[in-house]
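Visitor: Before I ask anything, here is the structure I am working with.
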Amino acid sequence: MLFGTDQEKVTMFALAIHTSSPDLGLAISDFEGNHRSTVLNLGRDLSSSLHVHLIEFLKPQSWKDLAFLAVAIGPGGFTGTRIGVVAARTLAQQLEIPLFGVSSLAAIAHQYSGTISVQMPAQRGELYTGIYQDGTVLQPDAVMSEAQWVQSLEQQTIDHRIEADSNQGQFVERVLAIAFQRWQKGERPDWSEALPYYGQHPAEASAP
């Protein structure tokens, strides 16, 4: 992304963070061909090492090179999702740049065209669920019993049915792509709008 006058153009980047599963996903791009991403299997070390990995991954860019941030807001692991969202909110507030909160399920569906259903195991034998059509939400993310989900699917013509596993860091590039699409449409969400989604109990992240 190029910003500035015709005489002096500055290349700006965007950074995405995905912590809704034990593997940390990071992606950065200027959407002009300079792009990289990484997935790290950190497990319980995520909370203690996230900031270290962020700093290392960002190089050779710096925080001032970022035009916006994107973060996976869940559904997914409670602790991991919260850590990522709070970190992204803090950074966006301090840097005074937009923060795009992106559904973990929407990121998974983003690689397909047509009508896509996504399901992922939740607690107590229930499922995290969502239905999308070419980037549009047909059925918002929700926690359902298997019977409720089957009934919802019967009401739709589904082109792709996706059963997601617990490792979602690989979809961080999709989080960034969705955020960029929203950026191109003129959206500039404030950091305070990005809230973690835990399923049955949506909770607001602690203010940085």
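The values are calculated or read from the model by the stated rules, or taken from the named source; none is laboratory data. What you see is a predicted model; the values in this text were computed from it and never measured. Cβ placement follows ideal geometry from the backbone for every residue including glycine, while neighbour counts extend to all protein chains displayed.
Visitor: Considering every residue within segment 23-33, establish whether at least one is assigned to a loop (DSSP other than H, G, I, E, B), farther than 25 Å from residue 143 by Cα and of a type in the set (Asp, Glu).
Guide: Checked segment 23-33: at least one residue is assigned to a loop (DSSP other than H, G, I, E, B), farther than 25 Å from residue 143 by Cα and of a type in the set (Asp, Glu).
Visitor: Let me ask something additional. For segment 140-151, enumerate the residues that are touching a residue at least 24 places away in the same chain (Cβ under 8 Å) and either assigned to a helix (DSSP H, G or I) or assigned by TED's automatic domain parsing to the domain that holds residue 80 (or both).
Guide: 149
Visitor: How about segment 60-89: which of its residues are over 15 Å from the mean Cα position of the chain (by Cα) and either in a loop (DSSP other than H, G, I, E, B) or closer than 21 Å to residue 182 by Cβ (or both)?
Guide: 60, 61, 62, 65, 66, 67
Visitor: Against the conditions (1) outside the structural domain of residue 137 (by TED's automatic domain parsing); (2) surrounded by 19 or more Cβ atoms within 10 Å (Cβ to Cβ); (3) in contact (Cβ under 8 Å) with a residue 60 or more places away in the chain, where does residue 110 fall short? Just the number, please.
Guide: Evaluating residue 110 over (1) outside the structural domain of residue 137 (by TED's automatic domain parsing); (2) surrounded by 19 or more Cβ atoms within 10 Å (Cβ to Cβ); (3) in contact (Cβ under 8 Å) with a residue 60 or more places away in the chain leaves (1) as the failure.
Visitor: For residue 93, only one of the following conditions fails: (1) assigned to a strand (DSSP E or B); (2) farther than 22 Å from residue 22 by Cβ. What is its number?
Guide: Every condition holds for residue 93 apart from (1).
Visitor: Within segment 62-98, track down each residue that is of a type in the set (A, V, I, L, M) and buried (at least 24 other Cβ atoms within 10 Å of the Cβ).
Guide: Within segment 62-98, 69, 70, 71, 72, 73, 85, 88, 92 qualify.
Visitor: Let me ask something else. In segment 157-200, how many residues are surrounded by 15 or more Cβ atoms within 10 Å (Cβ to Cβ) and in contact with a strand residue (DSSP E or B) (Cβ under 7 Å, 6 or more places away or on another chain)?
Guide: Residues that pass the stated criteria total 22.
Visitor: Would you check which residues across segment 159-190 are touching a residue at least 24 places away in the same chain (Cβ under 8 Å) and charged (D, E, K, R) and list them?
Guide: 159, 161, 163, 165, 173, 174, 182, 187, 188, 190 - these are the residues of segment 159-190 that are touching a residue at least 24 places away in the same chain (Cβ under 8 Å) and charged (D, E, K, R).
Visitor: Every residue in segment 152-168 that is within 14 Å of residue 76 (Cα to Cα) and in a strand (DSSP E or B), please.
Guide: 163, the sole residue that qualifies.
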